[in-house]
Amino acid sequence: MSAFRIIFPLLLLAVLFNAKPKLRSDGLFLLLLLLLMLLLLLLLLFLLLSLLLFMIFDSFFIKAGLI
């Protein structure tokens with residue numbers, strides 16, 4: 001699944017950069033690029049948040065003696 005998350009945006013960028021010049025001159029190209037960057041930023045934010053929650057709950061379970 002993580003390989004798909006890495007390869008799919010690269011394929012999407014390759015398709016966009018090889019698109020017709022009309023699509024590239026349109027605002028659609030910039031909009032799709034901005035959307036892709038936003039999705040990558042949200043993924044990074046989700047990963048950081050899940051890591052933070054894991055660190056908090058992991059220390060809580062160790063203190064409680066559950067692990």
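The values are calculated or read from the model by the stated rules, or taken from the named source; none is laboratory data. Only a predicted model underlies this, so the values are computations on that prediction, with no experimental measurement involved. A quick note on method: Cβ atoms are made from the backbone with ideal geometry, for glycine too, and the neighbour counts reach across all protein chains shown.
Looking at region 38-52, I want the residues that are within 15 Å of Ile6 (Cα to Cα) and have a partner that is surrounded by 10 or more Cβ atoms within 10 Å (Cβ to Cβ) with Cβ atoms under 8 Å, at least 6 apart or on another chain. Which pairs are those? So the pair list comes out as Leu39/Pro9; Leu40/Pro9; Leu43/Arg5.
Scan region 57-67 for residues that are surrounded by fewer than 10 Cβ atoms within 10 Å (Cβ to Cβ) and either assigned to a helix (DSSP H, G or I) or modelled with pLDDT of 85 or more (or both) and jot them down. Of everything in region 57-67, those that are surrounded by fewer than 10 Cβ atoms within 10 Å (Cβ to Cβ) and either assigned to a helix (DSSP H, G or I) or modelled with pLDDT of 85 or more (or both) turn out to be Lys63, Ala64. Here Leu11 does not fit the description of being at pLDDT 75 or above and either in a helix (DSSP H, G or I) or charged (D, E, K, R) (or both).
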